[in-house]
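Participant: Have a look at this one before I ask anything.
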Amino acid sequence: MKLFTALFALVCSSGFAAEIATITPKAAAQLVADGKAVLVDVRESSEWAESGVAKPAVLLAKSDFDGDQKQWKEFLAQTGDKEIILYCRSGKRAGVIGTTLAAKGHKVANAGGFKDWEAAGLPVRKVESPK
């Protein structure tokens, strides 16, 4: 019984999926400015065009991540040891992708939603509508 209890506690404390840290947009912006992290907007191109994006963000849609990862594979090959900070509309998609990346050994954090970036008064840029 003691072995079962110990194993159960170990499984519960370690979780079944990699946990990722949450980070404030201001802290994320500072890490990016310091060259220690890369900020990634995982929303879709129509969302980027509709609302704009964080000025330093790399734009990599979740649909590419879920598909053949043409853009994601190249990006991940170039990030080196930099932390990958993700955001989306609300933080949910960023969390899903972040959990997968963390399980593969990447250092990842979730900065929540684009609205959080804007509310913090951080710089944004416009993106052309998809053709």
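Participant: Between a first residue in segment 107-131 that is without any contact (Cβ under 8 Å) to a residue 40 or more places away in the chain and a second residue that is surrounded by 15 or more Cβ atoms within 10 Å (Cβ to Cβ) and among the basic types (Lys, Arg), which pairs have beta carbons less than 8 Å apart while being 6 or more apart in sequence or on different chains?
Facilitator: Filtered contacts from segment 107-131: Lys107/Lys82; Gly113/Arg89; Lys115/Arg89.
Participant: Under the condition of being assigned to a loop (DSSP other than H, G, I, E, B) and modelled with pLDDT of 95 or more, which residue from segment 107-131 is nearest to Gln30 (Cα to Cα)? Talk me through it step by step, then tell me what you get.
Facilitator: Going residue by residue through segment 107-131, those that are assigned to a loop (DSSP other than H, G, I, E, B) are 107, 120-123, 126-131.
Retained after the next criterion (residues that are modelled with pLDDT of 95 or more): 107, 120-123, 126.
Numbers: Lys107: 16, Ala120: 13, Gly121: 13, Leu122: 11, Pro123: 12, Lys126: 21 Å.
By that ranking, first place goes to Leu122.
Participant: Taking segment 43-69, which residues are hydrophobic (A, V, I, L, M, F, W, C), closer than 20 Å to Gly80 by Cβ and in a loop (DSSP other than H, G, I, E, B)?
Facilitator: Listed by number, the residues that qualify are Ala57, Leu60.
Participant: How many residues, within segment 1-39, are part of a helix (DSSP H, G or I), modelled with pLDDT of 95 or more and polar (S, T, N, Q)?
Facilitator: Count: 1.
Participant: Out of the residues in segment 41-51 that are surrounded by fewer than 18 Cβ atoms within 10 Å (Cβ to Cβ) and of a type outside the set (Asp, Glu), state the one that is farthest from Gly95 (Cα to Cα).
Facilitator: Ala49
Participant: Could you tell me whether segment 76-86 includes any residue that is surrounded by 14 or more Cβ atoms within 10 Å (Cβ to Cβ) and touching a residue at least 60 places away in the same chain (Cβ under 8 Å)?
Facilitator: Yes, segment 76-86 contains a residue that is surrounded by 14 or more Cβ atoms within 10 Å (Cβ to Cβ) and touching a residue at least 60 places away in the same chain (Cβ under 8 Å).
Participant: Also: Can you name the number of the only condition in (1) at pLDDT 95 or above; (2) in a loop (DSSP other than H, G, I, E, B) that Gly80 fails?
Facilitator: Among (1) at pLDDT 95 or above; (2) in a loop (DSSP other than H, G, I, E, B), Gly80 violates only (1).
Participant: Within segment 107-121, how many residues are surrounded by fewer than 18 Cβ atoms within 10 Å (Cβ to Cβ) and in contact with an Asp or Glu (Cβ under 9 Å, 6 or more places away or on another chain)?
Facilitator: 1
Participant: Answer yes or no as to whether Gly98 is at negative phi, touching a residue at least 24 places away in the same chain (Cβ under 8 Å) and not in a loop (DSSP other than H, G, I, E, B).
Facilitator: Against the criterion (at negative phi, touching a residue at least 24 places away in the same chain (Cβ under 8 Å) and not in a loop (DSSP other than H, G, I, E, B)), Gly98 qualifies.
The values are calculated or read from the model by the stated rules, or taken from the named source; none is laboratory data. Quantities reported herein were computed from a predicted structural model and do not represent experimental measurements. No Cβ is skipped: glycine too gets one built from the backbone with ideal geometry, and neighbour counts run over all protein chains shown.
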